[in-house]
Amino acid sequence: MNFRCSFALFGCLLCASYLPAQQTLRGRVDDATGAAVADATITLTCAQSTPRTTRSERDGTFAIAVDGKCERGVVSAQAEGFGDASKPLDDLNNLVMVLGPQSFEQSVTVTATRTSAAIAEAPGSSTAISAAEFRNDGALTIDDKLRQVPGFSLFRRSGSQTSNPTAQGVSLRGIGASGASRALVLVDGIPLNDPFGGWVYWGRVPVASIDHVDVVKGGVSDLYGSFAMAGVINLQTVTPTDTQLSFETAVGNERSPFGSGQGSVRRGNWILGASGEGFATDGYFPVPAASRGLIDRKADSEHSSATVSLDHMNSERLREFAQASGFGEDRRNATELQINSATVRQLSAGVDWETAKAGLFNLRAFGGSENLFQTFSSTALNRNSEKLSSVQHVPAQQIGGSALWTKNAGASNRNLLVAGVDVNQITGFDNEFNVAGGYTLHAGGSQATTGIFVEDLIQIASRWQLSLSAREDFWNNYDTVSTRAFLTGKLTGGVLPGRSEPYFSPRIGLSRQIGGNALAYVSLYRSFRTPTLNELYRPFRVGNILTNANSALNAERYSGGEVGGRWATAGDRVRLHGAFFDGYVTGAIANVTLTVTPALITRQRENLGKTLSRGVEAGVEVRVSPALLLGAGYQYVDAKVVTNRATPSLEGNLVPLTPRHSYSALASYSRPRWFTLSLQGIGSSKAYDDDQNLLSLGSYFLLNGTISRPLYRGFEIFAQAENMLDRSYIIQRTPQTQLGAPTLYRIGLRYQMRRR
């Protein structure tokens, strides 16, 4: 599947059509100081019809269509960083909703509990990023925007604009980055991680479709199973509830056009939605000019995605939906012979049903296929010639689903019970022609996982909450094979033995509300991650580093805990949060160096003995004035190899690609009727690109920014820049040094329409 920017945006525009004229509720959303609140969610609920939802504009105004006479109508308003407000509907004109400060129960994310029930989350560290914060970030892609969360990291410092997708595995909390994610990434509760390798195709989710993002740090395998060893990132897209359209389009240097949009049209209880995105860039030269040879090219890329959904709102208690999506990308990885392309197709469906007696039921089913094609080469030391070393074709299929039940129980509903089951089956193979070895490799198989979990959130006293949760997972590899067919006719390898392994993931947490503005918590947990089919069976090459697969890998196991808290001033002008965390990973999967020569470094995936991840994180937000917001975040982590009997020389080394210090800073000034200016700084101390701690990446600091101004009737013009200071920084050493992108800038236009 190969979409283009124009096709993706056309699908969004096609969804925008007007319904017949109706009455309109008009109003405005303000904060306690009288300043306008932009991007607030306003919901109108009438006794005889399904709820209708819209969002406030930059000046705080909003409008909602009203079907006939609205009996017993109630208007509610919600916005990131504010408490909720509601009023009975008395007049269709000049309604003013005032949002006050947000309590801690409202400010925390619910991703850590796998439920949207109205109760505080299980104790833990979490961050919620709103759509407005995403828009105002100078970075273009979702993964680069998420770098504002200290501790978020990919396999290498390169982002999805130009890097190989197999280097886009996510990690949190300094557990260690790898090609396979150690954090689970979800889109509306459905896994986004690649089924074969665990990395993430970030371009599958259009930026314009993001409503908010929840980031939960720490082990949460007790609810989400494998891949959630270090945390969960849930990308929540806009839920279509009415006719609407929003998009943004931009052009920038390096010949980089971009377009992203989403829209929906409603007819009665049926809602048809669509979203899409397209991006292309000529890229830049990652190899420094002093080292560049005849083979070096720019790292260019292009991708496009499209999603179509159909929702049926039977009532405010019952919703059914179905969705189809497709994604395609093509990349040239900085030399003539190194390329890769991928296509992903997926179908998903779900039901959300709430009953007065039995509770809330959430059902999800999904399935799809993927094809990854890529080539690798060996390069001469002077970079004036290269030879094709291997050609890989990796097809994979996935089918899965989940069932979740949530119910308030006990005296005065002091217990929130959550229980569920997840199932997932993956089949994938690495079909590779090894040019240098003169053979064809066929390796892979099927992997099935099943998880059953239960959670109980108990309000043990007015200010105390206890959380207990546990999950049992069953991992099974079967129909596995690894054969080599040589050009000489020789055949080696064959069927591999099946493998299975259970894992138990408990978690206990306790929190206490202190006054009305502070919360303290403690949490202990165990989590795990099973090796992917990619780690078990697919070798890969980056530059002159060859990494072999290992079919004998075992699951990684993490045991840890944290102590933390949050505090805010009475006027909510200052917010602080912090946590101390400590944990060990047993059997951490790492790329261990076997041999080193000037022409080739050979590594193999191995289970290390034990690694440490211990540190602190802190953040502060200061609302200097209604217009000016300042913020900062910091993480220190001591991540090192504690024991490793197979290779004792690695003991004491830092975990690769994990800096001790990482930080972010924010300054935002907003006058919604005039302009918004936002600056974001991100950086870290040095890290190493290898297990032996010989290939240092050095420290780095980047400054991104955006400025926007509203125009007319929902239009907005904006300008953005990444790496505004044009800093030179190292993203990888293979062992050839490669640099990150220079200054990238773009100018664009946004539009947001909601039916009036």
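Brief remarks on what is shown
- Some residue of region 592-608 being free of Cβ contacts under 8 Å to residues at least 60 places away in the same chain and small (Gly, Ala, Ser): no
- When restricted to residues that are closer than 17 Å to HIS442 by Cβ and open to solvent by 30 Å² or more (accessible area, probe 1.4 Å), region 466-480 contains 2.
- Scope region 609-637; condition closer than 21 Å to LYS686 by Cα and free of Cβ contacts under 8 Å to residues at least 40 places away in the same chain; matching residues: LEU612, ARG614, VAL616, ALA632, TYR636
- Neighbours by Cβ (under 8 Å, 6+ apart or cross-chain): first from region 245-260, among the basic types (Lys, Arg); second open to solvent by 20 Å² or more (accessible area, probe 1.4 Å): ARG255/ALA280; ARG255/ASP282
- Extreme residue, farthest from ALA38 (Cα to Cα), among residues of region 694-711 that are in a loop (DSSP other than H, G, I, E, B) and open to solvent by 60 Å² or more (accessible area, probe 1.4 Å): LEU694
- Yes/no for GLY714 being open to solvent by less than 40 Å² (accessible area, probe 1.4 Å), in contact with a Lys or Arg (Cβ under 7 Å, 6 or more places away or on another chain) and modelled with pLDDT under 95: no
- Among the residues of region 654-693, the ones that are assigned to a loop (DSSP other than H, G, I, E, B), farther than 26 Å from GLN604 by Cβ and of a type outside the set (A, V, I, L, M, F, W, C) come to 4 in all.
- Residues satisfying the stated conditions in region 351-367, i.e. in contact (Cβ under 8 Å) with a residue 40 or more places away in the chain, at negative phi and open to solvent by less than 50 Å² (accessible area, probe 1.4 Å): ALA358, LEU360, ASN362, ARG364, PHE366
- When residues in region 540-549 are screened for being without any contact (Cβ under 8 Å) to a residue 60 or more places away in the chain and crowded, with 21+ Cβ neighbours inside 10 Å, 2 of them pass.
- In region 372-389, the residues that are under 29 Å from ASP194 (Cα atoms) and in contact (Cβ under 8 Å) with a residue 24 or more places away in the chain reach residues that are open to solvent by 30 Å² or more (accessible area, probe 1.4 Å) and not in a strand (DSSP E or B) with C-beta atoms within less than 7 angstrom, at least six apart or across chains, in these pairs: THR375/LEU337; SER377/LEU337; LEU388/LEU337; LEU388/VAL435; SER389/VAL435; SER389/ALA436.
- Of all residues in region 555-599, those satisfying the criterion of being open to solvent by less than 50 Å² (accessible area, probe 1.4 Å), in a loop (DSSP other than H, G, I, E, B) and of a type in the set (A, V, I, L, M, F, W, C) are ALA555, ALA588.
Okay, residues lined up against (1) farther than 28 Å from GLY445 by Cβ; (2) touching a strand residue (DSSP E or B) at 6+ places or on another chain (Cβ under 8 Å); (3) not β-branched (Val, Ile, Thr):
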site: VAL344; (1), (2), (3): no, yes, no
site: GLY359; (1), (2), (3): yes, yes, yes
site: ALA365; (1), (2), (3): no, yes, yes
site: THR375; (1), (2), (3): no, yes, no
site: ALA380; (1), (2), (3): yes, yes, yes
site: PHE429; (1), (2), (3): no, yes, yes
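- Residue-level analysis places ASP726 among those that are assigned to a loop (DSSP other than H, G, I, E, B), more than 30 Å from THR54 (Cα to Cα) and modelled with pLDDT of 95 or more.
- Residue match in region 521-528 (condition: among the β-branched types (Val, Ile, Thr), part of a loop (DSSP other than H, G, I, E, B) and surrounded by 14 or more Cβ atoms within 10 Å (Cβ to Cβ)): no
- Flag for ASN544 being modelled with pLDDT under 90 and farther than 29 Å from LEU223 by Cβ: yes
- Identification of strands (runs of 3 or more DSSP E) wholly contained in region 601-653 with 1 or more residues that are more than 30 Å from LEU381 (Cβ to Cβ) and either open to solvent by 50 Å² or more (accessible area, probe 1.4 Å) or touching a His at 6+ places or on another chain (Cβ under 7 Å) (or both) yields 610-623, 628-643.
- Qualifying residue in region 679-687 (condition: at pLDDT 95 or above, surrounded by fewer than 17 Cβ atoms within 10 Å (Cβ to Cβ) and touching a Lys or Arg at 6+ places or on another chain (Cβ under 7 Å)): yes
- LYS387 being basic (Lys, Arg), modelled with pLDDT under 90, at negative phi and open to solvent by 60 Å² or more (accessible area, probe 1.4 Å): no
- Residues that are surrounded by 15 or more Cβ atoms within 10 Å (Cβ to Cβ), at pLDDT 65 or above and of a type in the set (S, T, N, Q) number at least 2 in the following strands (runs of 3 or more DSSP E) confined to region 1-91: 41-45, 52-55, 74-78.
The values are calculated or read from the model by the stated rules, or taken from the named source; none is laboratory data. What you see is a predicted model, and the numbers here were worked out from it, not measured in a lab. Backbone-built Cβ (ideal geometry, glycine too); neighbour counts: all protein chains shown. Heavy atoms of the whole protein, side chains included, go into the accessibility calculation; ligands, DNA and RNA do not. Shrake-Rupley method; radii C 1.70, N 1.55, O 1.52, S 1.80 Å.
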